[in-house]
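Asks: Supplied in structure tokens, the structure appears directly below.
The values are calculated or read from the model by the stated rules, or taken from the named source; none is laboratory data. Here the structure is a predicted model, which means the values were calculated and not measured. Cβ placement follows ideal geometry from the backbone for every residue including glycine, while neighbour counts extend to all protein chains displayed.
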Amino acid sequence: MQPDSILLRMAARQTNMLSVATAGMAVDHSIYIRENQMSSRLPSHELRHAYQCEQSGSFDEFLTANLKQVLL
């Protein structure tokens, strides 16, 4: 699965945000966990991202801030 946006696709590639090693991902209020990747810590980790997204005001604002932290 790849993002539709070319900029987001480039950022995902540059940060390894979406790779074969990605075990889980929070997108807005949804959490996705790859089959056979469940661990005791993964849900709380992804819930933290969902909370951060909610506190940011929007998924776009959260993603922008998150990518800036990762890319700097």
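Asks: Which of the residues spanning the range 41-53 are among the hydroxyl-bearing types (Ser, Thr, Tyr) and either at positive phi or modelled with pLDDT under 95 (or both)? Don't jump to the end; show me each part of the working.
Replies: Keep residues of the range 41-53 that are among the hydroxyl-bearing types (Ser, Thr, Tyr), which gives 44, 51.
Of everything in the range 41-53, just one residue is among the hydroxyl-bearing types (Ser, Thr, Tyr) and either at positive phi or modelled with pLDDT under 95 (or both), namely 51.
Asks: Now for a separate question. Please go through the range 1-30 and pick out each residue that is polar (S, T, N, Q) and either surrounded by 13 or more Cβ atoms within 10 Å (Cβ to Cβ) or modelled with pLDDT of 85 or more (or both).
Replies: We begin by selecting, within the range 1-30, every residue polar (S, T, N, Q); these are 2, 5, 14-16, 19, 22, 30.
Once the filter is applied, which keeps residues that are polar (S, T, N, Q) and either surrounded by 13 or more Cβ atoms within 10 Å (Cβ to Cβ) or modelled with pLDDT of 85 or more (or both), the range 1-30 yields 15, 22, 30.
Asks: When the range 1-58 is examined, which residues are found to be charged (D, E, K, R) and closer than 19 Å to residue 70 by Cβ?
Replies: At the first step, the residues of the range 1-58 found to be charged (D, E, K, R) are 4, 9, 13, 28, 34-35, 41, 46, 48, 54.
The answer is 9, 13, 28, 46, 48.
Asks: Moving to a separate point now. For residue 71, state whether it is surrounded by fewer than 10 Cβ atoms within 10 Å (Cβ to Cβ), of a type outside the set (Gly, Ala, Ser) and at pLDDT below 90.
Replies: Values: surrounded by fewer than 10 Cβ atoms within 10 Å (Cβ to Cβ): yes; of a type outside the set (Gly, Ala, Ser): yes; at pLDDT below 90: yes.
For residue 71, the condition - surrounded by fewer than 10 Cβ atoms within 10 Å (Cβ to Cβ), of a type outside the set (Gly, Ala, Ser) and at pLDDT below 90 - is met.
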